[in-house]
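The values are calculated or read from the model by the stated rules, or taken from the named source; none is laboratory data. Predicted model, so just to flag it, every value in this text is computed and none were measured. Please note: Cβ atoms are built from the backbone with ideal geometry, for glycine as well, and neighbour counts cover all protein chains shown.
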Amino acid sequence: MPALNEVKTSLTTKAADSTTAWSLVFASWLVASTATLGALFLSEVMDVAPCILCWYQRIFMFPLVLVLAAGLFPFDARVVRYALPLAIAGWLVGVFHLLLIAGFIPEHAVPCRQGVPCAQVQVEWFGFVTIPLLSVIAFSVIAALLISTRFKGSR
């Protein structure tokens, strides 16, 4: 009978791990959806025109909403393979944008030649919260949740 108890324990542990992994991917989807809705609200409702780097960040954030949702129903842990590269690439663009705003990157190295200048801070809350900072935070949370999902699913 000890073997039967071990099998039951193993199945219960796998089910709990699967539920936790689903919850982590769902949380990632919530963050991506909130970031996408926030970006659309800023541009469409508040008329804040996005710069080129903001567009690149949107290019990596918007598909995450669909990719993560597709991995939830039915749950497929392989969604991490598809979503994590998008989150990391968006994070890299966001960090570049933050460094540009902070003055660490010279303006001649910026892709924003026409339209809204990338080094200009259009929205700032509490004296330090900018749109690129929100983007980096969102991509960081999504990446951390997806990495946690990967480790939770590999047990």
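Some values worked out for this structure:
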{"item": "Among residues of the stretch 123-148, those that are surrounded by fewer than 16 Cβ atoms within 10 Å (Cβ to Cβ) and at pLDDT below 90, counted", "result": "7"}
{"item": "Pairs with Cβ under 7 Å, 6+ apart, first in the stretch 23-40 and over 13 Å from V79 (Cβ atoms), second part of a helix (DSSP H, G or I) and of a type in the set (V, I, T)", "result": "V31/V141; V31/I142; S33/V65; T36/V65"}
{"item": "Candidates A77, A3, A15, A49 - the one that is loosely packed, with under 12 Cβ neighbours inside 10 Å, modelled with pLDDT under 90 and not in a helix (DSSP H, G or I)", "result": "A49"}
{"item": "One residue from R58, R113 being at pLDDT below 90 and among the charged types (D, E, K, R)", "result": "R113"}
{"item": "Meets criteria (in contact (Cβ under 8 Å) with a residue 24 or more places away in the chain, closer than 22 Å to A39 by Cβ, in contact with a helix residue (DSSP H, G or I) (Cβ under 9 Å, 6 or more places away or on another chain) and not aliphatic (A, V, I, L, M)) for P63", "result": "no"}
{"item": "Lone qualifier among V136, V80, V93 - being within 30 Å of F151 (Cα to Cα), in contact (Cβ under 8 Å) with a residue 40 or more places away in the chain, of a type in the set (A, V, I, L, M) and touching a Lys or Arg at 6+ places or on another chain (Cβ under 7 Å)", "result": "V80"}
